[in-house]
Structure formats: C-alpha cells, structure tokens
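Written out below as structure tokens is the structure these notes cover.
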Amino acid sequence: MLIKDILKQTRDKGSVPFSFEFFPPKTPKGWETLFETITELLPLRPAYVSVTYGAGGSTRENTHRLVERIRKETGLEVVAHLTCEGSTEAEVVTILERYNSIGVHNILALKGDVPKENRQGSDFAHAIDLVRFIRSRFPHFGIGVAGFPEGHPATPNRLLEMDYLKAKVDAGADYIVTQLFFDNRDFEDFVERCEIAGVTVPVIAGIMPITSRSGLQRMAELAAGARFPARLLRALSRAADDEGVERVGEHWAAEQVMNLLGSKTAGIHLYTLNSSKATLRICQSLGIRSFNAL
Ligand SMILES: Cc1cc2nc3c(=O)[nH]c(=O)nc-3n(C[C@H](O)[C@H](O)[C@H](O)COP(=O)(O)OP(=O)(O)OC[C@H]3O[C@@H](n4cnc5c(N)ncnc54)[C@H](O)[C@@H]3O)c2cc1C
C-alpha cells in the first residue's frame, strides 16, 4: 500500500499513524540485534517502517537487503530511503527496478550529504530532480520527501527554502517527513508555513529521543542547526548518570509525542536508532500498547 493511502486511511479513522526508522547494520551482530529489536517493536503495529540509505550509495546493498528482509519476515510496508547526490539515472533505475520486483513501491527521495572529496558526477542536483525522475519513470511509486522545521543549513533564506520545498512537492511528492526537532512549536510553525505557502500534503513529525550524552553530540552534528531548548539541556545536565540521561530523553520525547497527538500532525515517525528500548518506554509512558487501538 502507498504511504499516502495509509495516511488517508488513518486520517479518515481519526487516528495518527506511527512509523519507525531503522538503518542497515554494519556487522552480523548488528543484524541479529536489529531483528530482535524489530520483533520487540512489532506488537505495537506500526503503520510502516523506513530504512535509511548511506549518502553516495555507501549502504546500497545493505539497504536493499534490509528492506527485502523486513518485508518478507514481517509483512510490514517498508519505505526505502534513496539519496541522489553522486548517482546516475542508470543507477537509480536499477535500484527502483529491484524494489519494484519485490513489491516495494514507497521511496523517501533525498539528496543526501556526500562529503566534498567523495563527490563524483551526478545526474541529480537536488532531491526535486529525483522526485521528478521517479514520477516520470515509475509513476505508480509513492514518494515522500524531507522537510526541516528549523531550516536546512544550506539555505539560510527561509522564504526561498519554502519555495524549494513547494517545488519538490509540486514535482510529485505525496508527503513530507521532518528532520528531528525538540520544540513542538517549531513543527507547528512549519506546518502553518507550509499551509500559507500552499503545500497541502501531509506533514509527518520526526522524533528522535536522546539516549546518551554522546548521542546528543552526534545529533547536533547530523542535524546541523537543530535547536536544543534550555529546559531540555538543563534537565540533561541534572541527570545523575547515563540512566538518568536516557530517562530525560525518553520523557522529553514522550511529552513531544503526547502534545503532537493533539495537534495537526499527519503522523509520527520515530527514529529508533535500531534499539527498541526508548521506543517501548515512550509508548509505555503514553499508555500505548498498540498503535492500532489509537
Ligand atoms: C526524514 C529524513 C530522512 C533522511 N534520510 C537520509 C538517508 O537515509 N540517507 C542520507 O544520506 N541522508 C538522509 N537524510 C538527510 C538529508 O539527505 C540531508 O539533510 C540533505 O542535506 C537534505 O536532503 P533533501 O532531500 O532535503 O535535499 P534537497 O531538497 O535537495 O535540499 C537540500 C538543500 O538544497 C536546497 N535546495 C533545494 N532545491 C534547490 C534548488 N532548486 N536550488 C538551490 N537550492 C535548492 C534546500 O533548500 C536545502 O537547503 C534524511 C533527512 C530527513 C529529514
């Protein structure tokens, strides 16, 4: 089923779909742990899951392998991320044909951030070019794109950035998934700015719980420009130990999700970091056993 249809179905039911994100593990132990994680999270009945793709194709085979395995072993709908920077049209066609042949028709179309020294010839300048390409060559595919509530660092002009986002949606994207954020007001403001700009597709909130101090540093690097509210940083600095940091991060994410459930969000996408612990604890503290019952 296409994600846009899942979003419509849940909206018609008056509920909010939850989804989980995983990344392809690098080691055999990592694969084992990930499938334990997936088994632990399955009873929650997510609407779909997504699998990341290393910029420049660095996880190409492993992304495909993980998408295929989740699909076969769980029957869940899977969104395959695909980045285009450094790719040729022929490479993208090969990837999409392989997904088509295993019944995977949902793609999150992204640019990716390839380090300058590794950049080679690319048939795509921006994610919009990938969206256009998929729409023209694989019109039956569902396409999601990324959105940045706090702004994307490469475009300091926020009005121009919204024009680019609208163009990406007009080129054929069905929905937007956001970068992580820690203040729901940034998400709500983003959704409203989308509405004003005439971007009418559903906007799914991306939530990543902080699980360690080193994780916090990684997030600050990966999601460059992310705002860490003082109240959150104060709570983290009060944490007595690693367990305390984890609890603060989970509590913060749970509060974000609880407030989002009462807002205009079209869905909640949890960045699991391939571990079930934080996701399960967030759901426990919200009293949720299965998203199906929402
Ligand atoms: C939900 C989500 C999932 C992600 N998954 C992955 C993943 O699996 N693998 C990975 O490597 N990365 C992933 N990323 C990171 C993403 O690839 C980077 O943040 C990248 O810098 C932006 O990608 P984009 O698709 O938004 O690019 P684009 O839409 O191309 O935007 C990139 C920048 O270019 C600007 N821009 C857009 N169009 C134009 C134009 N016509 N002219 C000039 N400037 C323009 C935008 O404003 C923005 O600043 C993910 C991000 C999100 C939010």
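For this structure, a couple of remarks:
- Residues located in segment 1-35, provided they are in contact with a Gly (Cβ under 9 Å, 6 or more places away or on another chain) and either loosely packed, with under 14 Cβ neighbours inside 10 Å or assigned to a loop (DSSP other than H, G, I, E, B) (or both): Met1, Leu2, Asp5, Val16, Pro17, Phe23, Pro24
- Cys194 meets the conditions (1) over 27 Å from Glu91 (Cβ atoms); (2) in contact with an Asp or Glu (Cβ under 8 Å, 6 or more places away or on another chain) in every case but one. The failed one is (2).
- Among the residues of segment 63-111, those that are touching a Gly at 6+ places or on another chain (Cβ under 8 Å), in a helix (DSSP H, G or I) and within 25 Å of Ala125 (Cα to Cα) comprise Thr63, Glu91.
- Against the numbered list (1) free of Cβ contacts under 8 Å to residues at least 24 places away in the same chain; (2) in a helix (DSSP H, G or I); (3) not charged (D, E, K, R), Gly287 comes up short only at (2).
- Every residue from segment 243-276 that is farther than 27 Å from His81 by Cβ and either hydroxyl-bearing (Ser, Thr, Tyr) or at pLDDT below 95 (or both): Gly262
- Every listed requirement among (1) hydrophobic (A, V, I, L, M, F, W, C); (2) touching a strand residue (DSSP E or B) at 6+ places or on another chain (Cβ under 8 Å); (3) part of a helix (DSSP H, G or I) is met by Val201 save one, (3).
- Top-ranked residue in segment 140-152 [being within 7 Å of the ligand (Cβ to nearest atom) and assigned to a loop (DSSP other than H, G, I, E, B); ranked as surrounded by the most Cβ atoms within 10 Å (Cβ to Cβ)]: Phe148
- Residues of segment 53-68 that are under 23 Å from Asp5 (Cα atoms) and either surrounded by fewer than 19 Cβ atoms within 10 Å (Cβ to Cβ) or more than 16 Å from the ligand (Cβ to nearest atom) (or both): Glu68 alone.
- Residues of segment 203-254 that are without any contact (Cβ under 8 Å) to a residue 40 or more places away in the chain, within 19 Å of Pro153 (Cα to Cα) and not acidic (Asp, Glu): Leu216, Gln217, Arg218, Met219, Ala220, Leu222.
- All of Leu180, Leu165, Leu130, Leu160 fail the test of being modelled with pLDDT of 95 or more, in a loop (DSSP other than H, G, I, E, B) and within 9 Å of the ligand (Cβ to nearest atom), apart from Leu180.
- The residue list Ser87, Ser122 contains one member that is crowded, with 22+ Cβ neighbours inside 10 Å, more than 21 Å from Met1 (Cα to Cα), within 12 Å of the ligand (Cβ to nearest atom) and hydroxyl-bearing (Ser, Thr, Tyr), which is Ser87.
The values are calculated or read from the model by the stated rules, or taken from the named source; none is laboratory data. Being a predicted model, the structure only gives us computed values, none of them experimental. Neighbour counts run over all protein chains shown; Cβ positions are idealised from the backbone, glycine included.
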